[in-house]
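**Student:** So that we are looking at the same thing, I have put the structure below in structure tokens.
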Amino acid sequence: MRLTEAARQWEIEGRFAAAENLPGSPALHLTEAIDSPLYRVGGGLELNGVCGVGLAVRYNGAFGQTVKQKAVSASLRVSFWLTRGRGEEGIS
């Protein structure tokens, strides 16, 4: 694996071990362009209620000349207590 600075890309060369003895087994060549500069941004909001209910929303992104990645996630949390008999013991 090598990084060519002029082309700003990763180059990976390899062979499949199972195909080594087969006639005409070609090498595997992979290249991947790298953005320079690459900008990453992220943010989120989390709201927690007094009744044990919470909501969170998050955003992550990466931007460059050839890369545009976006991800949004959300989660809901509900906490509750289970009691046994008349005691105050519980499970959160």
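Laboratory data are not the source of any read-out in this text; all were calculated from the coordinates shown. Predicted model, so just to flag it, every value in this text is computed and none were measured. Every residue, glycine among them, receives a Cβ derived from its backbone with ideal geometry; neighbour counts consider all protein chains shown.
**Student:** With a point put 7 Å past each Cα toward its Cβ, work out how far Glu32 is from Thr66 in nm, to one decimal.
**Tutor:** In this crude spin-label approximation the distance works out to 1.1 nm.
**Student:** Compute the Cα gyration tensor for region 26-86, then decide on rounded, prolate or oblate, letting a ≥ b ≥ c be the square roots of its eigenvalues: rounded whenever a/c is under 1.5, prolate when a/b is larger than b/c in the other cases, and oblate in all that remain.
**Tutor:** Cα axes put region 26-86 in the oblate bin.
**Student:** Grab the other residues whose beta carbon is less than 15 angstrom from that of Gly44, score K and R as +1, D and E as -1, and report the net.
**Tutor:** Net of charged neighbours comes to +3.
**Student:** Please compute the net charge surrounding Leu55, taking Lys and Arg as +1 and Asp and Glu as -1 over other residues with Cβ under 10 Å from its Cβ.
**Tutor:** Its environment carries a net charge of 0.
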